[in-house]
């Protein structure tokens, strides 16, 4: 496992497990709990996050059961969100799914 990638399966505090100052955080595996980060959060293909994600930029290639608050949010092909998205810029690629409300923020 690299310093910018984590396999998180037992609900521990994600901030305690990741070093600060990275430009991206890749989430793989299964994570339960909210994620608040100053970096770009990437939920990788095959990963599942149960909780809200608050970050400047969020990319979903896996599965998110929770809401997103971000400046930029992107749902990749095969990515799914079961929750609401609050963003200034939302991009939904062909094959991505959003099951929830969308709200723009300034």
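Read the figures in this text as sums done on the coordinates, not as results from a lab. The structure displayed is predicted, hence computed values, not measured ones. Don't worry about glycine lacking a Cβ; one is built from the backbone with ideal geometry, like all the others, and counts go over all protein chains shown.
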Quickly rank 60-70, 44-54, 85-95 as a protection proxy: mean count of other C-beta atoms within 10 Å, highest first. 60-70, 44-54, 85-95
With 0.36 nm assigned to each residue of separation and the Cα-Cα distance removed, residue 82 to residue 39 gains 13.3 nm
Any idea what % of Cα-Cα pairs in the range 23-88 are farther than 13 Å? 55
For 31, 40, 26, what ranking results if the residue with the fewest other Cβ atoms within 10 Å of its Cβ goes first? 40, 26, 31
Fewest-first ranking of 59, 104, using other Cβ atoms within 10 Å as the exposure measure: 104, 59
